[in-house]
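Trainee: Below is the structure I would like to discuss, written out as structure tokens.
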Amino acid sequence: MILSGLEIEKNLGKNIIIEPYNKKQLNSNSYNVKLHNKLLVYKNDILDMKVNNEVEEIIIPESGYTLQPNQLYLGRTVEYTKTDNYVPMIEGRSSIGRLGIFIHVTAGFGDVGFAGYWTLEIFCIKPITIYPDVEIAQLYYHSIEGNYEKYNSSKYQNNTDVQASMLYKDFN
């Protein structure tokens, strides 16, 4: 089952941490998260799963930055989150999707026990200007049944910034 907005709020400070938290971003069954001002783009046209692919940093100015089609941008949420006893998930907001922006290409599924910032895999259909602090995605929470082990990744747990893929570590 998906938690209602009231249930999300009831769990704040216990099973759900969202920092900073703003009640205005709470919806009937989700919480809107904002886009940080930093993006990463891969430098090479051809990526290799077995290596640490180099990235370039882009800072989104207050005046905006125009995303280009066929370019993968990695961003992150302004909000730090931590979740216990629920499965956190992220989706792009419908208003963002209607502008042709995909917020996560494949990785919208979180893990019980995840703590950190959400890395956003951003892709657009047409050139579009984006801005820092825009409410770009929404978190929602599923209940989980049965015993489970908390998420404990040496790659992504307790991250402090945008993270490029660390799949290369799986090959070592």
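Trainee: Between a first residue in the range 112-123 that is more than 14 Å from Tyr141 (Cβ to Cβ) and a second residue that is open to solvent by 40 Å² or more (accessible area, probe 1.4 Å) and acidic (Asp, Glu), which pairs have beta carbons less than 8 Å apart while being 6 or more apart in sequence or on different chains?
Mentor: Tyr117/Asp161
Trainee: Keeping to the range 12-55, report how many residues are part of a strand (DSSP E or B) and either aromatic (Phe, Trp, Tyr) or surrounded by 12 or more Cβ atoms within 10 Å (Cβ to Cβ) (or both).
Mentor: Qualifying residue count, the range 12-55: 16.
Trainee: Examine the range 92-107 for a residue that is touching a Cys at 6+ places or on another chain (Cβ under 6 Å), buried (at least 18 other Cβ atoms within 10 Å of the Cβ) and either at pLDDT 95 or above or more than 28 Å from Gly5 (Cα to Cα) (or both), and state whether such a residue exists.
Mentor: yes
Trainee: Going by what's in this entry, would Ala137 be described as touching a Gly at 6+ places or on another chain (Cβ under 6 Å) and either open to solvent by 10 Å² or more (accessible area, probe 1.4 Å) or farther than 17 Å from Ser165 by Cβ (or both)?
Mentor: Against the criterion (touching a Gly at 6+ places or on another chain (Cβ under 6 Å) and either open to solvent by 10 Å² or more (accessible area, probe 1.4 Å) or farther than 17 Å from Ser165 by Cβ (or both)), Ala137 qualifies.
Trainee: Still on this structure: Looking only at the range 97-117, how many residues end up being assigned to a loop (DSSP other than H, G, I, E, B) and under 28 Å from Asn147 (Cα atoms)?
Mentor: 8
Trainee: Sticking with this one: Can we say Tyr73 is under 16 Å from Ile17 (Cβ atoms), open to solvent by less than 60 Å² (accessible area, probe 1.4 Å) and modelled with pLDDT of 95 or more?
Mentor: Answer is no for this residue.
Trainee: Among the residues of the range 118-133, what is the count of those that are open to solvent by 50 Å² or more (accessible area, probe 1.4 Å) and either out of contact with any Lys or Arg (no Cβ under 6 Å at 6 or more places or on another chain) or assigned to a strand (DSSP E or B) (or both)?
Mentor: The number of residues fulfilling the criteria is 6.
The values are calculated or read from the model by the stated rules, or taken from the named source; none is laboratory data. Model, not experiment: these values are computed from the prediction. All Cβ positions, glycine included, derive from the backbone under ideal geometry; neighbour counts span all protein chains shown. Areas reflect the complete protein model, heavy atoms only, side chains present, ligands, DNA and RNA absent. Shrake-Rupley method; radii C 1.70, N 1.55, O 1.52, S 1.80 Å.
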